[in-house]
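Here, each number is a calculation from the coordinates, and none is a lab measurement. Remember, predicted model here, so these are calculated numbers, not experimental data. Please note: Cβ atoms are built from the backbone with ideal geometry, for glycine as well, and neighbour counts cover all protein chains shown.
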Amino acid sequence: MGASLNAKNNEEQIELEQSTESTRQVLRPGMVLLRNYITHIKQVQIVKRCRDLDLGPGGFYQPSYKDGAKLRLQMMCLGLDWDPETRKYGKQRAFDGSEAPAIPHEFSSLVRRAIQDSRALVGKTGVLNAEDILPNMSPDICIVNFYMTNGRLGLHQVSH
């Protein structure tokens, strides 16, 4: 058992080193690319956490519009619910009244860490106060989409 735990720790360390060597760049003010920022192991943990959240109330469902058209994905909202028909946010899903599960602490921590690392990167460009460009934030919604082989979602922007 100890050997497998040691091997897992070594694998995580290698992935961490590879991720810190990733391509990170400031694309323009307020937009930072953190390519390979999340290790493969961490990505698997995130997927497993979402799968666990799906088992309770407010889990994945296939959203649809008034005309009966269905999105080609399964969606689960964390924190708040987003209604694709009304394009509004709320505490409960319109079609079944389920409340959105809370955003897991580890997801919020990841956001905070990414903002801190992005600020450090912005600071290297000579910007004096990176906090003005990348302010603190705490997510109040996280939309998790699951795509089957025929699933897709077109390019879009959601404003809050």
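Can you list the lysines whose alpha carbon sits under 30 Å from that of LYS88, skipping same-chain ones fewer than 8 residues off? Result set, ordered by chain and number: LYS48, LYS66, LYS70. Within the stretch 20-102, the trypsin sites (Lys or Arg not before Pro) that combine a DSSP coil assignment with at most 11 other C-beta atoms in a 10 angstrom radius are ARG35, LYS66, ARG87, LYS91. Computed over the Cα atoms of the stretch 41-112, pair by distinct pair, the Kirkwood hydrodynamic radius stands at 13.1 angstrom. The alpha-carbon atoms of the stretch 26-160, seen along their principal axes, cover 52, 31, 29 angstrom, with the largest extent given first. Show log10 I(q)/I(0) for the stretch 28-75 at q = 0.19, 0.23, 0.32 Å⁻¹, two decimals, from a solvent-free Debye sum over equal Cα scatterers. The computed values of log10 I(q)/I(0) come out as -0.82, -0.86, -1.09. In this calculation the C-beta distance from TYR61 to ALA114 is compared with R0 = 30 Å, giving a FRET efficiency of 0.60.
If you plug the beta carbon distance of GLU106 and ALA69 into 1/(1 + (r/R0)^6) with R0 = 30 Å, you get a FRET efficiency near 0.30.
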